[in-house]
Amino acid sequence: MNEPGASVVHHPAETELFEDTLTCDVSLPAAFEPGSSAIRAGAAEMLLRSVALVEDSRGGDDADERGEGSQQLQRLEARMDLALVLLGRLLRQSTQALPLRPVRWSRRGLRLEQGQRTGAVQGSAGIVRLQPADWLPDHIELPVQVLGEATSGNGSLYLWLRLQSTGDALETALERHLFRLHRRQIADSRRPR
């Protein structure tokens, strides 16, 4: 996540992607791949909806209503969490994991902090792969258009990507996911350190 006061390049894409809209600054596994290829919008939508269902069910318990049944459910959820972590480790060992990157994300697009130049040309198509939840070892693929690439004063390389339309259902799932990330950011900032 970009720290306050971090050197970010002022690029016209910042306004286009992030002005007057809900924006999240997060660090998550992400990668950009230039070129266009077919993506399955339905798979990304299903994954985002499933993440929302799981996270809503975990956060929805009222502290006063926690009885024996709720404690059993929490133990079962803890076991599932451990199983997912172990599965994620196995998958990362057998496949190439996405690198952890600072990302600024809105319903319009993303800014990725890259380690090196991508060679992407402004206006060209590409795909961004993102892991939407740290507890789930899977990623979504979203079609994007390159808006720009630039280096900041401290040497960081940034890539601005506009999300391409994939249908109303996926756009709704993305907006809901971003709202959840934003709400979690606010809650984390209010916790004593």
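If you average over every viewing direction, what projected area does the convex hull of the Cα atoms of the stretch 99-141 give, in nm²? Let's see the in-between values first.
Details: hull surface 14.9 nm².
The Cα convex hull of the stretch 99-141, projected and averaged over all directions, gives 3.7 nm².
Across all directions, the average projected area of the convex hull around the alpha carbons of the stretch 114-193 is 7.5 nm².
If you add up the charges near residue 37, with Lys and Arg at +1 and Asp and Glu at -1, over every other residue whose beta carbon is less than 13 angstrom from its beta carbon, what do you get? Every neighbour counted, the sum reads 0.
Any read-out appearing in this document is the output of simple, stated calculations on the displayed coordinates, not a laboratory observation. Here the structure is a predicted model, which is why all the values come from computation and not from measurement. Reconstructed Cβ throughout: ideal geometry from the backbone, glycine too, with neighbour counts over all protein chains shown.
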